[in-house]
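Here is the structure we will look at.
The values are calculated or read from the model by the stated rules, or taken from the named source; none is laboratory data. Keep in mind it's a predicted model, so treat the numbers as computed, not measured. Neighbour counts run over all protein chains shown; Cβ positions are idealised from the backbone, glycine included.
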C-alpha cells in the first residue's frame, strides 16, 4: 500500500511540475560561471526536477543496498551464534496468530 501512495504522490508532483512549467515558458539566462546560456524556463524546471529525482533515487538505492548488507551481516552473525550455543528455534509460520504468541511466550522472547 505504501508503494501505491508513493506512486500517486509522485504522479501528483509530476503533474503539478508540468503545469507550473507550461505556465512559465519565458526564456531565462543561466550563469555557469564560465558561460551564460539562455533557455526556456520549462526546460530549466524539468531539468532540475529530473536531477532532483535522480539524486533522491540514487540515495534510495544506496540506502537499500546498505540495509541488505546489514541484514546479511546480522543473519550470518545470528547463524554463528546459534551454532555456537546449539540453539534451535522453531520457526514462526505465517499462520501463527497473536493469540498463539500469547500462549507461547518463548516465541515472543526466546531467552525465557
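Among the residues of segment 24-46, just one is at pLDDT below 85 and over 32 Å from the mean Cα position of the chain (by Cα), namely 25.
Residues that are surrounded by 10 or more Cβ atoms within 10 Å (Cβ to Cβ) and part of a helix (DSSP H, G or I) within segment 74-89 comprise 74, 75, 76, 77, 78, 79, 80, 81, 82, 83, listed in sequence order. Restricting the search to segment 1-22, which residues are exposed (fewer than 12 other Cβ atoms within 10 Å of the Cβ) and modelled with pLDDT of 85 or more? Listed by number, the residues that qualify are 4, 5, 6, 7, 8, 9, 10, 11, 12, 15, 16, 19. Of the residues making up segment 35-73, those that are farther than 30 Å from residue 7 by Cβ and in a helix (DSSP H, G or I) number 1.
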